[in-house]
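Working notes, beginning with the structure itself.
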Amino acid sequence: MTLPTVLFGILISTLYGAAFHLWRGGNSRRLLYYLALGWLGFWIGHFAAVQFGLTFASVGALHLGMATLLSAVCLALGHWLSLIQVERK
């Protein structure tokens with residue numbers, strides 16, 4: 001992967017996390033949480049597509065389709081898990 005591909009992936013995954021934060025709201029800690037989830041899901045999706053040879057919606061060397069799909073799943077799952085309330089007695 002070339003440097004422009006990595007930078008484009010970082011830009012797109014950051015936009016996914018920021019857009020999710022804009023949609024769901026929260027404080028700055030929540031923004032960092034969503035950015036990290038967006039990055040994690042995006043790169044896991046990209047490398048999974050490389051590993052399994054999937055070329056759905058690729059942009060150059062970046063497997064954008066699978067990366068986007070896994071980023072959305074990771075953001076939704078992370079948000080759902082963050083809603084769990086711990087009961088204290």
- Mean accessible area per residue over region 2-89 (1.4 angstrom probe, all protein chains present, square angstrom) is 68
- Message: With an 8 Å Cα cut-off and a minimum separation of 6 or more residues, compute the relative contact order for the chain in percent.
- Response: 29
- Message: Using a Gaussian network model on the chain with a 10 Å cutoff between Cα atoms, which of A61, A36, A49 fluctuates the most?
- Response: A61
- Message: Between L64, L35, L15, where does the largest GNM mean-square fluctuation fall for the chain, given springs only between Cα atoms within less than 10 Å?
- Response: L15
- Task: Between F52, F20, F42, find the one with the highest GNM mean-square fluctuation for the chain; connect C-alpha pairs within less than 10 Å.
- Result: F52
- Note on the structure: Heavy-atom accessible area of I12, protein chains in place, probe 1.4 angstrom, given in Å² to nearest 10, is 30
- Query: How much accessible surface does V73 have with a 1.4 Å probe, in Å² rounded to 10?
  - Reply: 80
- Query: Given a 1.4 Å probe and every protein chain left where it sits, what share in percent of the accessible area of the chain is carbon and sulfur?
  - Reply: 72
- Note, region 65-76: 3J(HN,Hα) by Karplus (6.51, -1.76, 1.60, θ = phi - 60°), whole Hz, Gly/Pro = x, goes x, 5, 5, 5, 4, 6, 5, 5, 5, 5, 5, 5
- Task: On the full set of protein chains, 1.4 Å probe, figure out the accessible area of S58 and give it in Å² to the nearest 10.
- Result: 50
- Task: Mind ranking W39, W23 by accessible surface for me, highest first, 1.4 Å probe?
- Result: W23, W39
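The values are calculated or read from the model by the stated rules, or taken from the named source; none is laboratory data. Everything quoted here is computed from the prediction, not taken from an experiment. Accessible surface areas use protein heavy atoms only, side chains included; no ligands, DNA or RNA. Shrake-Rupley method; radii C 1.70, N 1.55, O 1.52, S 1.80 Å.
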